[in-house]
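Asker: Take this structure, written in structure tokens, and hold onto it; I'll ask about it next.
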Amino acid sequence: MIATVDVVALEAPSIDYYRLSPMLVVFGVAVVSVLVEAFVSSRVRYRTQLSLTCVGLVAAMVALGFVAATASGDSAAARSLMNGAVLVDGPGLFVQAVVLVVALSAVAFMGERRLDRVWASVEVRTAAGERIAVGGGPDEVADVEDADLAADAFTPSGATVPGSADELAAGRAGFLTTEVYPLTLFAVGGMMLFGSCGDLLTMFIALEVLSLPLYVLCGLARRRRLLSQEASLKYFLLGAFSSAIFLFGTAFAYGASGSLSLRDIGATLFAADERTFGVIALCLIAVGLLFKVGAVPFGSWVPDVYQGAPTPVTSLMASATKAAAFGALLRVLHVGFPDLADVARPALWTVTIATMVIATVMAVTQNDVKRMLAYSSVSHVGFALVGAITITSDAVGATLFYVAVYAVSAFGGFALLSVVRDAAGREESDLAAWAGLGRRHPLVGAMMSLLLLSFAGIPLTGGFIAKFAVFSAAGDADSWPLVIVGVLCSAIAAYFYVRVIVTMFFADPPTDAPTVITPSPLTTVPIAISAGLTLLLGIFPQWLLDLTADSTHFLG
């Protein structure tokens, strides 16, 4: 007997380049940036890379504007691209816009060269007390002659041993690690794709594309090199575990539904009587996504990584990465597993409450401003999760609004840290050293106070409107325990935010008070925009609330 085999013709997916253009522009510019790194002279490479990256992000914004303007009139089939792998819907477009805005600010911040300096001549003391000239400029120098050579926040030679003669020579020669720009573009492209994925396999690929460049960027700080490399290694190892758990959950989702499409998974689980595999899949996938947003207990890496990474990279991770991760989390919960909400509610509520409580308590104990802001970012993840795990349309809009407001304010807060420097030129984040800073530098003190008040949720700031929107949506869904815990944690959090403000304006400055270095427009303009938007969204929030309310429909 001869067996017959049915041949199934596979239809190649059609590629809609127009609707994919925002992401294609970012990835295309990233590839060109790699070629620039390889072939353009080092003398002009910095300006070329910075200009190319900024132009690419602006072009992606323009393309996104055209796509968003025409998306409302398109059919659902037209907005489902690559056989449903990429979706053009309201939440995805909104998250992409937030990512591009804060990424452009972070890239400009990366190009800042007035805050860090390279020393032309350095003398260090040997064990016998003898002075020797070695050149370069690590943190451990004893006597420094300022050569006023501009440098950015990244090590001049990432492949060298921290503090070695090779690294010191590279710093003295004025080398710049311009590889950060293509790495950032690849990460941004992955973030844009992460929140717009229609299936779990594409979401895993986007997760890796955004994560791998960040692992490298975290280890490239010019100052405190060992701390930076430790942050990079810790982020890489824990990120690898979380990615594996996410992939394991994807396998269970396929076993439960026979598909990797979130829409098909949701439809299959709705009709299925046995949902064991679906529950396991949701738990594992949620762990992978909760790691990326930094929720407790999966966000233990956040304080160490945020503190050790170069501040421009920290500002990017605290804003753009969190926005992209929440976009993916919302899509998984509301499209792939909405019918398991009742089963998963106890676990999700436990994670949300633990995130708010533990992060708030830990932030109170911090005396380092940068580390305090890192714990603060974890607590804000808990507040945003209050809306994300509430399966209603209003909660989706409130969560998107919260993520946008926090992304803008978080970038400004971390960027402002970089202008406060000690006598050796390092970032001064010790809270005691900030005493009297607001009186000596009123503009810096005022902007930092505004951002801190927004984090605390004080009225007339964007943070107050964001928390009010999230808590209102959760209250309407009868999630009052989450609302009560969130309000109490917000009240406690106000203490450590106000403590910084009181220190800046009412405490006497120390004898070795830090100085505020005036940065270039590459840093001042994004910080000013961040502070301005934080105030604007506190006084006139309706335009963004309407935009997020119109962006709540998932294409499923």
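Any read-out appearing in this document is the output of simple, stated calculations on the displayed coordinates, not a laboratory observation. In this text, all values refer to a predicted model and were calculated from it rather than measured experimentally. For neighbour counting, all protein chains shown are included, and Cβ atoms are generated from backbone atoms with ideal geometry for every residue, glycine included.
Asker: At R0 = 25 Å, how high is the FRET efficiency between ALA446 and LEU547 if r is their beta carbon distance? Nearest 0.05 is fine.
Answerer: 0.30
Asker: Would you compute, from DSSP H runs of 4+ residues alone, the mean residue ellipticity of the chain at 222 nm, taking -39500 (n - 2.57) per run and dividing by the full residue count, rounded to the nearest 500?
Answerer: Theoretical 222 nm ellipticity from helices: -21000 deg cm²/dmol.
Asker: Within the chain, what's the longest stretch lacking GluC sites (Glu not before Pro) that sit in DSSP loops with no more than 15 other Cβ atoms inside 10 Å?
Answerer: 275-556
Asker: Put a dot 7 Å past each Cα toward the Cβ at SER472 and ASP166; how far apart are the dots in nm?
Answerer: 5.9 nm
Asker: Right, next: Run the numbers for SER259 and ARG426: contour at 0.36 nm per residue of separation, minus the present Cα-Cα distance, in nm.
Answerer: Gain on extension, SER259 to ARG426, equals 54.9 nm.
Asker: Over the range 227-369, one equal point on each Cα, no solvent: what is log10 I(q)/I(0) by the Debye formula at q = 0.11, 0.14, 0.18 Å⁻¹?
Answerer: Debye curve over Cα of the range 227-369, log10 I(q)/I(0) at q = 0.11, 0.14, 0.18 Å⁻¹: -0.46, -0.71, -1.04.
Asker: Once R0 is set to 56 Å, what does the formula 1/(1 + (r/R0)^6) return for the Cβ-Cβ distance between SER14 and PHE505, expressed as a FRET efficiency to the nearest 0.05?
Answerer: 0.40
Asker: How far is helix 480-506 tilted, in degrees, relative to the longest principal axis of the Cα atoms in the chain, given as a value from 0 to 90 rounded to the nearest 10?
Answerer: 10 degrees
Asker: For the chain, find the longest principal axis of its Cα atoms and tell me its angle to the long axis of helix 262-271, 0 to 90°, nearest 10.
Answerer: Computed tilt is about 50 degrees.
Asker: Cα atoms only, the range 310-436: Rg and Dmax in Å?
Answerer: 16.9, 58
Asker: Oh, and also: Over the chain, consider all pairs of different Cα atoms and compute the Kirkwood hydrodynamic radius from their mean reciprocal separation; express it in Å, one decimal.
Answerer: 24.2 Å
Asker: Could you tell me how many degrees, from 0 to 90 and to the nearest 10, lie between the Cα long axis of helix 369-388 and the main elongation axis, the longest principal axis, of the Cα atoms of the chain?
Answerer: On a 0 to 90 degree scale, this one is about 10.
Asker: Can you grab the distance from the C-alpha centre of the range 423-486 to the C-alpha centre of the range 532-556, Å, no decimals?
Answerer: When both Cα centres are located, 19 Å separates them.
Asker: Quick check: the distance between the Cα centres of the range 192-256 and the range 359-408, to the nearest angstrom?
Answerer: Taking the Cα centre of the range 359-408 as reference, the centre of the range 192-256 is 20 Å away.
Asker: Turning to a different aspect of this structure: Can you list the residues of the range 383-404 with backbone N under 15 Å from a point 7 Å past the Cα of ASP342, pointing along Cα to Cβ?
Answerer: 391
Asker: May I pose another question? Residues of the range 453-485 with amide nitrogen under 11 Å from the 7 Å Cα-to-Cβ point of ALA494?
Answerer: So the set is 456-459.
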